[in-house]
Amino acid sequence: MLEALSKPITYVKGVGPKRAEIYAKLGIFTAYDLLCHFPRDYVDYSQQVEIINAPDNEPCAVKAKLVKKLPPAFVRKGLTVFKAVLTDGSADLTLIIYNAEYQFKSLCEGREYILYGKLGGSFMRREISSPLIIPADSPDLIQPVYHLTDGISQNIIRTNIHTVLESIGGQIYEPLPSRLMQQNSLCALSYAFENIHFPRDPHSLAIAKRRLVFDELLTLRLGMNLLRQRSLKTTGCVMKEYNISDYYASLPFELTACQQRAIGDCCADMCRPWPMNRLVQGDVGSGKTAVAAGAAFFAVKNGYQAALMAPTEILASQHYETLSGFLEPLGIKVALLTGSLTPKNKSALKEAIRSGEYQVVVGTHALVQQTTEFKRLGLVITDEQHRFGVGQRDTLAAKGENPHKLVMSATPIPRTLAMMIYGDLDLSVLDELPKGRQPIETYAVTGKMRSRAFGFVRERLDEGRQGYIVCPMIEENDLELQSVNEYAEKLRTGEFRDYRIGLLHGKLPAAEKDSVMRAFKEHETDLLVSTTVVEVGVDVPSAVIMVIENADRFGLSQLHQLRGRVGRGQYKSYCILITDNTSEESRQRLKILSKISDGFRISEEDLKLRGPGDFFGSRQHGLPKMKIADMSSDTELMLLAQSAADGITAKDPTLSKPEHSGLKELAEKLFETPQPQA
C-alpha cells in the first residue's frame, strides 16, 4: 500500500481525534479503510423525468427551476414548514421542507435544481416533501450513500473520501500483476476507487465494482490458501494404511457410497506427513457420525486416541451413545467427559484418559480444559463447526503433536460457496441419505388452518408419538421472549391442555436447556414448544411432527434444518409451515420446501433468494465480512477469482515473490483487521 494510505485516519485533512473515534466504530482506522468503506447504495440524479410524467410515491429525479419561495408557516412550537414553487415547463411542483431553514435559505429563485424523492399531491398540484436536492450543474450526478453511525453524516464521509482521492492523485499501488488484470479485463485500482465512490455514469460504476469484487474474492481465496499452507506443517501422528473392513462388517446397516468415500478420504489424509484438515458436510440425517466413528477406528488401530467435541452436553451424550454402539463391540473403550460430572468422577476419568485407558473421548468444552491431558491424541473431531471458535479447536489440537482434524457440519452449502468459505479445509460431501430414512411430508398453510393443524398434531400425540412447535422468534429480546412464554402458556391451557408441554428458548441457562431436551428425549413431555435453538438438537425417534409458526420469517436452509428434527425414526413424519404472508415470493419459497427434500438443492435456492449474508444467519461461519462481493450474484467472478488465486498459489504457495507482496498484504489484512460492529 502507499505509505499515505496506511497511516492512521487522523492524517486525513479534516479528520481529528474525535472523528477518528467515530470512524473506529465503522471499522475504519486508516485512509485505506476509508476508501474501502464502499457505498451501500447510490442516488442517481442523472435519470430525470418530467414532473408531469413522474410516478406517484416512487423515488425519482426531476429537474426544475425554482420560481418562487413562499413565506414560512409556523405550525406549532418546534415545527416550521418552508415551501417553494418550481417548474420544468411540463408542470409546477410544490417543494415542502420541514424545519431545515438553513437548507431553504441556500436555495435561490431563478436557479435550476435536481430533486430526488417521492412525488405526491394531485395530478393538478404535484408536491414533494423533504427531497434530496443538488444544483442542476453539479458534476456528481450519481451520489454515494454510506452506512453511518452516530456523529457522522453522508456529506462528511463524501468530503473525507474526496480528500483522500485528491491526495493520492490517481496514483495508487497496484497489487495485481498486469498479466492478471489483462486476462480478466480489469480496470486500474485507482479508477475503481474513484468510480465506486463518485461514478461518472452507471457503466463506469459497473467497471469499478467488477474490479473491486474480483479483488475481494481473490484476496479471500488467497487468504484461505495461505491458511491451508500454514496447516501443512509436519504432524507427529503419521499413520499407516490399515484395512478397516472389521468396522464396516460390525455395523448394523450398510454405509452409503459417499459415507465410505468420506471415510476413505480421512484414512488417506491421516497417512500423509501433514495433519488432515477435512470438513465432512452432510444434510441432516446423512450419517456424519458413522464417518467420524470410522476415522476414529482407523486412528485407534494406529495406536492413537481420538477426541470428539460437541457444543452441548446433550449432543455430546448422543454422540457418546452412537460411538459406543459402533466401537465398543470392536474392543475400543469410549469415554464421555462433560462439565456436569462430579469432581471425583471427573478427576478419575481424566486420569484414565491421560493413561490411555480410553481410546476415544467424547465431550463438551471440558475437553479443552488445561487439566484434560491425552496419552497420544492423534485425531480431533468437532461437531457443528460454526459453534466453536478456531481458538477452541486449536486448543484441543494443541494437546497432541499437530493431530489430524475432522470437522462435521450439518449445514448443506452450495459447492462453489463451500470451496470459498472452507478453502482451508478439504471437503467431503455426504449427498445421499442412508437407506430407511423417510422423506418428511411438508405442507404450507395459512393461519386459518392452525386449529386443523393442531388437531393433526394431537392425533399423532394420541398414537404415542411426539412433536415440536417452533415459535416465530428471531431476535431474543425481552418482548419476543415474553411472547414465546405467553404462546406456550396459551397452548398449555388451550388446544394442548391434556398433554405434557416443554418450553425451550435461547435465554434458558445451558443446564436447563439440557434438562428440557433430556425430558423430551425420554418422552417425559409430549410436545416441545421451542425457538430455533432446537435447530441443532438431539435425535428423538418418536418425534414425528413439527409445526413452524410464521415460517416466512426464516430462510429455506434454516427451515430445512428445523424439519430435520423429525423423521429420525421408523415412523412417517410431517412438517406444517404456517404463514399469513401471501406474497408471491413467500409462496414461491415455501413451495420449494414442500417439493424438495435435498438440503443441497434447497441451499442453492436459498442462496439465490437471500444471498450468503442471510443464508448464514448471524455470520456463524466465521468468514471475514465481505465489503462489496455478494457470493450469490457474483458467481462468475467468484470462479474467475478462485481460478486466479489457485494459479498464483500453485507457483508461489507463500506469496513470497515480489510481484505478489501487495496481494499477500491484502490477504493477511483481510483475516487480521478488526471487523466493524454490526
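Just so it is clear, none of the values below were taken in a lab; they were calculated from the coordinates. Keep in mind that this is a model prediction, so the values were computed, not measured. Neighbour counts run over all protein chains shown; Cβ positions are idealised from the backbone, glycine included.
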Odd one out for ILE172 among (1) within 26 Å of ALA24 (Cα to Cα); (2) assigned to a helix (DSSP H, G or I); (3) among the aliphatic types (A, V, I, L, M): (2)
Against the definition (assigned to a helix (DSSP H, G or I), among the β-branched types (Val, Ile, Thr) and surrounded by 20 or more Cβ atoms within 10 Å (Cβ to Cβ)), how does ILE157 come out, yes or no? yes
I'd like the full set of residues that are of a type in the set (D, E, K, R) and in a helix (DSSP H, G or I), limited to region 440-462. LYS448, ARG450, ARG452, ARG458, GLU459, ARG460, ASP462
Can you tell me which residues in region 85-124 are farther than 21 Å from PRO72 by Cα and more than 47 Å from the chain's Cα centre (by Cα)? ASP88, GLY89, SER90, ALA91, MET124
Can you report the number of residues in region 235-253 which are surrounded by 11 or more Cβ atoms within 10 Å (Cβ to Cβ) and part of a loop (DSSP other than H, G, I, E, B)? 9
Filter result (touching a residue at least 12 places away in the same chain (Cβ under 8 Å) and in a helix (DSSP H, G or I)) within region 255-266: ALA257, CYS258, GLN259, GLN260, ARG261, ALA262, ILE263, ASP265, CYS266
For region 21-54: of the residues being part of a loop (DSSP other than H, G, I, E, B) and hydrophobic (A, V, I, L, M, F, W, C), which is surrounded by the most Cβ atoms within 10 Å (Cβ to Cβ)? ILE28
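Residues are listed down the side, and each one gets a yes or a no for (1) more than 21 Å from GLN47 (Cβ to Cβ); (2) outside any loop (DSSP other than H, G, I, E, B):
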| site | (1), (2) |
| --- | --- |
| PHE82 | yes, yes |
| SER90 | no, no |
| ILE96 | yes, yes |
| GLU109 | yes, no |
| GLY117 | no, yes |
| ILE133 | no, yes |
| PRO139 | no, no |
| ASP150 | yes, no |
